[in-house]
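**Q** What follows is a single structure, and I will ask about it in a moment.
The values are calculated or read from the model by the stated rules, or taken from the named source; none is laboratory data. What you see is a predicted model; the values in this text were computed from it and never measured. No Cβ is skipped: glycine too gets one built from the backbone with ideal geometry, and neighbour counts run over all protein chains shown. Heavy atoms of the whole protein, side chains included, go into the accessibility calculation; ligands, DNA and RNA do not. Shrake-Rupley method; radii C 1.70, N 1.55, O 1.52, S 1.80 Å.
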Amino acid sequence: MKRIAVFASGSGSNFQAIVDHVKSGKLKANVMLLVCDKPGAKVVERAEKEQIPAFVFDPKQYESKEQFEEDILQQLRHYQVDFIVLAGYMRLIGHTLLHAFAGRIVNIHPSLLPAFPGKHAIEQALRAGVKITGVTIHYVDEGMDTGPIIAQRAVEISEDDDANTLAEKIHKIEHSFYPETIGKILEKLEVKA
Ligand code: GRF
């Protein structure tokens, strides 16, 4: 069974969906670790409740990204993690982790990339007046939501949608789409020597 770490900064509804899919046997993986850069985030509570170890850190306590990523790496090695899943981790991944986990980091973004990268993708789509937006799962590189696209799902925007209703629609899709796609990727992933 592949061993994954989930990185998140906020509410962690995607973290929860992944854990729930593992618990029900729909996702064949072990969630070894939560990595969170926001002490006090709701996702930390969720990990505690699920008895999943969490590495929670405050980036301000470090001098550089290299330094906190070295600490993260140590944790990932300790738990023998094979694969990293970003789920609302609001931070660019640096070369320390990209190098150690080349081709083994994925992210989910709430738009049809390359449209609306970066923060506030849902608001960006509403402001642009597009009628279709969606969800993208992609490999992570050094850019902001720029890595190779793995899978996408479309979501229709209706006349009366606002940021809340659209976010709700998007989350609903994410919560099954992400665990299912992770499962497919893990099936093909070779375990590191
Ligand atoms: C999701 O909408 C995801 O697409 C984006 O951040 C959000 C995280 O939500 N990257 P949650 O913390 O999983 O509820």
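**Q** Looking at the range 26-89, which trypsin sites (Lys or Arg not before Pro) are DSSP coil and have at most 16 other C-beta atoms within 10 Å of their C-beta?
**A** On the way: sites: LYS26, LYS28, LYS42, ARG46, LYS49, LYS60, LYS65, ARG77; in loops: LYS26, LYS28.
For trypsin sites (Lys or Arg not before Pro) across the range 26-89 that sit outside H, G, I, E and B with at most 16 neighbouring Cβ atoms in 10 Å, the list reads LYS26, LYS28.
**Q** Check which residues have an amide H placed less than 5 Å from LYS2's amide H, if you skip close sequence neighbours.
**A** Answer set, sorted by chain and number: ASN30.
**Q** Next question, about the same structure. Leaving out ligands and nucleic acids, note down the accessible area per residue over the chain with a 1.4 angstrom probe, in whole Å².
**A** 52
**Q** Mind listing the phi-derived Karplus ³J(HN,Hα) values for the range 147-152, rounded to whole Hz, using 6.51, -1.76 and 1.60 with θ = phi - 60°, and x for any glycine or proline?
**A** Going residue by residue, I get x, x, 7, 9, 7, 9 Hz, with x marking Gly and Pro.
**Q** Report Rg/Rh for the range 2-192, rounded to two decimals, where Rg is the Cα radius of gyration and Rh the Kirkwood radius.
**A** Result: Rg/Rh = 0.95.
**Q** Next question. At 222 nm, what value in deg cm²/dmol follows for the chain if DSSP H runs of at least 4 each add -39500 (n - 2.57) and the sum is divided by all its residues, to the nearest 500?
**A** Mean residue ellipticity, 222 nm, calculated: -12000 deg cm²/dmol.
**Q** For the chain, what does the relative contact order come out to in percent, with C-alpha contacts under 8 Å and a separation of six or more?
**A** 21
**Q** Post the alpha-carbon centroid distance, the range 117-193 to the range 1-26, in whole angstrom.
**A** Taking the Cα centre of each part, the range 117-193 and the range 1-26 sit 16 Å apart.
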